[in-house]
1. Can you confirm whether region 81-94 contains a residue that is crowded, with 21+ Cβ neighbours inside 10 Å, free of Cβ contacts under 8 Å to residues at least 60 places away in the same chain and in a loop (DSSP other than H, G, I, E, B)?
2. Checking the condition outside any loop (DSSP other than H, G, I, E, B), among the β-branched types (Val, Ile, Thr) and more than 18 Å from residue 261 (Cβ to Cβ), which residue from 168, 144, 129 passes?
3. Which one of these is of a type in the set (A, V, I, L, M, F, W, C), over 27 Å from residue 141 (Cα atoms), crowded, with 24+ Cβ neighbours inside 10 Å and touching a residue at least 24 places away in the same chain (Cβ under 8 Å): 197, 224, 190?
4. Specify the residue that is surrounded by the most Cβ atoms within 10 Å (Cβ to Cβ); the eligible residues are those in region 43-80 that are of a type in the set (Val, Ile, Thr) and either in contact with a His (Cβ under 8 Å, 6 or more places away or on another chain) or under 25 Å from residue 249 (Cα atoms) (or both).
5. Considering only residues that are touching a helix residue (DSSP H, G or I) at 6+ places or on another chain (Cβ under 7 Å) and free of Cβ contacts under 8 Å to residues at least 60 places away in the same chain, look in region 169-179 and name the one that is surrounded by the fewest Cβ atoms within 10 Å (Cβ to Cβ).
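The values are calculated or read from the model by the stated rules, or taken from the named source; none is laboratory data. Everything numeric in this text was worked out from a predicted model, so none of it was measured. When we count neighbours, we look across all protein chains shown, and the Cβ atoms used for this are built from the backbone with ideal geometry, even at glycine.
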Amino acid sequence: MSNNVLSRRDFLVKSICSAAIACVPNLLVRTKAYARACPYDKKFTGHSPSIALIIDDVGFSFDRVMPFLQLNIPLTFSVLPHLPYSKPLAEKIHDLGHEVMLHQPMEPHNVFIDPGPGALFMSYKPDTIASVIERNITSIPHAIGCNNHMGSRYTESRTMMRPTLEFIKERHLFFVDSLTSERSIGFDTAKSLQMNAAIRNVFIDNVREKNYVYAQLLLLKKFALRSGAAIGIGHPRPETVAAIKKFLPELNGTGVALTYVSRLAAATS
């Protein structure tokens, strides 16, 4: 890695020093992902009402992911780069017919959180951005799309997001804006580049409790019926897979179908 790449250790040291002079109330405001449900502005075309579920943060454990693969429903799995099980899980997910995405780590506002291996930082120049993303994509076999991991600060910057998305487009990947900041310009930038792109509607499991996740899935169904489609992001947790199992019968007779996120990214205007 080139000398101008900020290591995770250097980022944390720099961030902690910055935090010492920062306003504490402002810091506390930015400690949680932007989780307000965000409906689409425009209806999807060419689809019956659809829900796409993305399972984020894949790569830490086989055991946490396998119950989702056993649901026998369309799911898209977003895999973090350079973790112990990232590559074998991507292979397994693909072999079972599901979609694989790169879960691209990006710099958050919260200075005490390390975004992880393969992260993009605000200090990076375009050539460094390209080399980091290239290594990450290469490390995740069968990745056809990308969404941001963290990135509440990074995704607010057009200066950073434009070259990032230009390179992702060059690799023929679609982009899903995880919307970890209400000021994210990721989706708008991707569409300005004429990319296939979409935006997260609901984080389904910000609270790790089965009934909460179930209620968020019902909200996701409401958005799909109203806007034509909705995208939910969850994580490989027992509470989440249990809530999905409980939710599936709720789709019977509604006309709402589960689908892969790539189909929704291709349908946005």
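1. Step one: filter region 81-94 for residues crowded, with 21+ Cβ neighbours inside 10 Å, giving 81, 86, 89-90, 93.
Narrowing further to those that are free of Cβ contacts under 8 Å to residues at least 60 places away in the same chain: 81, 86, 89-90, 93.
Then keep just the ones that are in a loop (DSSP other than H, G, I, E, B); that gives 81.
Yes: region 81-94 contains one or more residues that are crowded, with 21+ Cβ neighbours inside 10 Å, free of Cβ contacts under 8 Å to residues at least 60 places away in the same chain and in a loop (DSSP other than H, G, I, E, B).
2. Numbers: 168 fails: more than 18 Å from residue 261 (Cβ to Cβ); 144 fails: more than 18 Å from residue 261 (Cβ to Cβ).
Checking each option against the conditions leaves just 129.
3. On the way: 197 fails: over 27 Å from residue 141 (Cα atoms); 190 fails: over 27 Å from residue 141 (Cα atoms).
None of the other options fit; the residue is 224.
4. Looking only at region 43-80, we keep the residues that are of a type in the set (Val, Ile, Thr), and these are 45, 51, 54-55, 58, 65, 73, 76, 79.
From the residues that got through so far, the ones that are either in contact with a His (Cβ under 8 Å, 6 or more places away or on another chain) or under 25 Å from residue 249 (Cα atoms) (or both) too are 51, 54-55, 58, 65, 73, 76, 79.
Working: 51: 26, 54: 26, 55: 29, 58: 27, 65: 23, 73: 17, 76: 27, 79: 27.
Step by step, filter region 43-80, then rank; the result is 55.
5. Initially, region 169-179 is screened for residues touching a helix residue (DSSP H, G or I) at 6+ places or on another chain (Cβ under 7 Å), giving 171, 174-177.
Next, from what is left, pick out any that are free of Cβ contacts under 8 Å to residues at least 60 places away in the same chain: 171, 177.
Values: 171: 15, 177: 25.
Result: 171.
Per-residue answers, yes or no, for (1) of a type in the set (Gly, Ala, Ser); (2) modelled with pLDDT of 95 or more; (3) within 17 Å of the chain's Cα centre (by Cα):
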position	(1), (2), (3)
167	no, yes, no
171	no, yes, no
182	no, no, yes
190	yes, yes, yes
193	no, yes, no
212	no, yes, no
215	yes, yes, no
218	no, yes, no
